[in-house]
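**Student:** So that we are looking at the same thing, I have put the structure below in structure tokens.
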Amino acid sequence: MSTAAQTTANQANAQHSTGPRTDRGKIAVSTNATTHGATSERAFIKGENLAEYALHIKKFSTQFRPGNCHESFLVQSMADAAWRLKRLKGWELQVLELCENGNPFLDDDLLKKLNRTHRHMQSIERAYHWALQAFNAARKPAVPEQTQIPAKPVQPLTSAPKPEPKQENAPQSADSAAPKSAFLDGPEGSAKDNPRQ
């Protein structure tokens, strides 16, 4: 158990090691534990080339040409995902270089790092493809509402329809004079019309 003098000395020493106090100092140490940056808040991390990152973003903007705030967000998301994926592929190569004889299965620690890296890569690839699908959906023209098909204009009748002229010279048979009715005669017609009956 510590004495009162030791407790006081510990408390006095603790005041000297509180970490950075300024905003600039806090920003500087915020990335101390960063290894691959796959889950970092920002796509661009300490140690990367800012001009190269800006050119990368510009390429995406030039290719997709976002037209509004939503499309700009989706293009930025795609560019950030591609940037992170590029970084993780470099991280994967670094891990493989640490392997003895090029075989990561011999070292459990390296195998865990590779598995974790591949999980992050798959997650980032899904994020990229989600943003791409959302961008393409935002670019599709809206489906117009169904409109009623306009009816053909009706021509007003100017006079009653003319009856067809009867042919007086043609002889009429008994069959042609009487209308045939399938309802009265049945589906095969009258017995006179069907020789099988």
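**Student:** Which residue, chosen from 53, 93, 114, occupies the Cα position most advanced towards the positive end of the dipole of the range 37-139, where the dipole is computed from +1 (Lys, Arg) and -1 (Asp, Glu) charges on Cβ about the Cα centre?
**Tutor:** In the range 37-139, that residue is 53.
**Student:** In addition: For 23, 107, 80, what ranking results if the residue with the fewest other Cβ atoms within 10 Å of its Cβ goes first?
**Tutor:** If I rank by nearby Cβ atoms, fewest first, I get 23, 107, 80.
**Student:** Averaging sequence separations of C-alpha pairs under 8 Å and six or more residues apart, then dividing by the length of the range 37-139, give the relative contact order as a whole percent.
**Tutor:** Value for the range 37-139: 32 percent.
**Student:** Can you tell me how much longer the chain between residue 6 and residue 55 gets when fully stretched, taken as 0.36 nm per residue apart minus their C-alpha distance, in nm with one decimal?
**Tutor:** Full extension from residue 6 to residue 55 adds 12.0 nm.
**Student:** Quick one: length gained pulling residue 129 to residue 107 fully straight, 0.36 nm per residue minus the C-alpha distance?
**Tutor:** 4.6 nm is the gain from fully extending residue 129 to residue 107.
**Student:** Please work out the FRET efficiency for the pair residue 16 and residue 48, using the Cβ-Cβ distance as r and a Förster radius of 41 Å; give the result to the nearest 0.05.
**Tutor:** 0.75
**Student:** I've got another one for you. To the nearest 20 debye, what is the magnitude of the charge dipole of the range 37-139 about its Cα centre, counting +1 on the Cβ of each Lys and Arg and -1 on the Cβ of each Asp and Glu?
**Tutor:** Charge dipole of the range 37-139: 480 debye, to the nearest 20.
Throughout, read-outs are computed from the coordinates displayed, never taken from laboratory work. Keep in mind that this is a model prediction, so the values were computed, not measured. Cβ sites come from the backbone with ideal geometry, for glycine too, and all protein chains shown count toward neighbours.
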